[in-house]
1. Across the range 12-32, what is the total count of residues that are assigned to a helix (DSSP H, G or I), within 8 Å of the chain's Cα centre (by Cα) and of a type in the set (A, V, I, L, M, F, W, C)?
2. Of a type outside the set (A, V, I, L, M), at pLDDT below 70, loosely packed, with under 12 Cβ neighbours inside 10 Å and outside any loop (DSSP other than H, G, I, E, B) - does that describe any residue in the range 41-62?
3. I'd like the residue in the range 1-37 that is within 10 Å of residue 59 (Cβ to Cβ), surrounded by fewer than 14 Cβ atoms within 10 Å (Cβ to Cβ) and not polar (S, T, N, Q) and, out of all such residues, is modelled with the highest pLDDT.
Amino acid sequence: MKSREIDSWATVFEAANIDEANIVKGLLESAELPVILEREAVAAIYGLAVGPLSEVAVKVPQELAERALQLLQSAPYGVVPEE
């Protein structure tokens with residue numbers, strides 16, 4: 001996917017690390033929403049799991065952002081996106 005295409009996607013959740021991001025991604029994908037994860041390359045290269053460089057943005061197409069946010073707010077275990 002090209003960089004400018006990713007820029008048109010909306011961030012619906014800021015995960016603390018890749019594990020948390022994958023859980024949220026799975027939840028959204030189970031509702032048949034397309035999802036991409038965006039994080040700093042250095043986190044992937046060095047395997048960072050804590051700290052600001054380990055944060056991961058969970059993104060969906062702009063037109064599906066409202067639906068994704070509704071799903072996250074109604075999810076069990078308190079998965080609530082940041083505002």
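1. 2
2. From the range 41-62, those of a type outside the set (A, V, I, L, M) are 46-47, 51-52, 54-55, 59, 61-62; that's our starting set.
With the extra rule that they be at pLDDT below 70, the set shrinks to 46-47, 51-52.
If we keep only those that are loosely packed, with under 12 Cβ neighbours inside 10 Å as well, we get 46-47, 51-52.
Subsequent filtering for residues that are outside any loop (DSSP other than H, G, I, E, B) retains 46, 52.
Yes, because at least one residue in the range 41-62 is of a type outside the set (A, V, I, L, M), at pLDDT below 70, loosely packed, with under 12 Cβ neighbours inside 10 Å and outside any loop (DSSP other than H, G, I, E, B).
3. 34
The values are calculated or read from the model by the stated rules, or taken from the named source; none is laboratory data. Note that this is a predicted model, so its numbers are computed, not measured. Please note: Cβ atoms are built from the backbone with ideal geometry, for glycine as well, and neighbour counts cover all protein chains shown.
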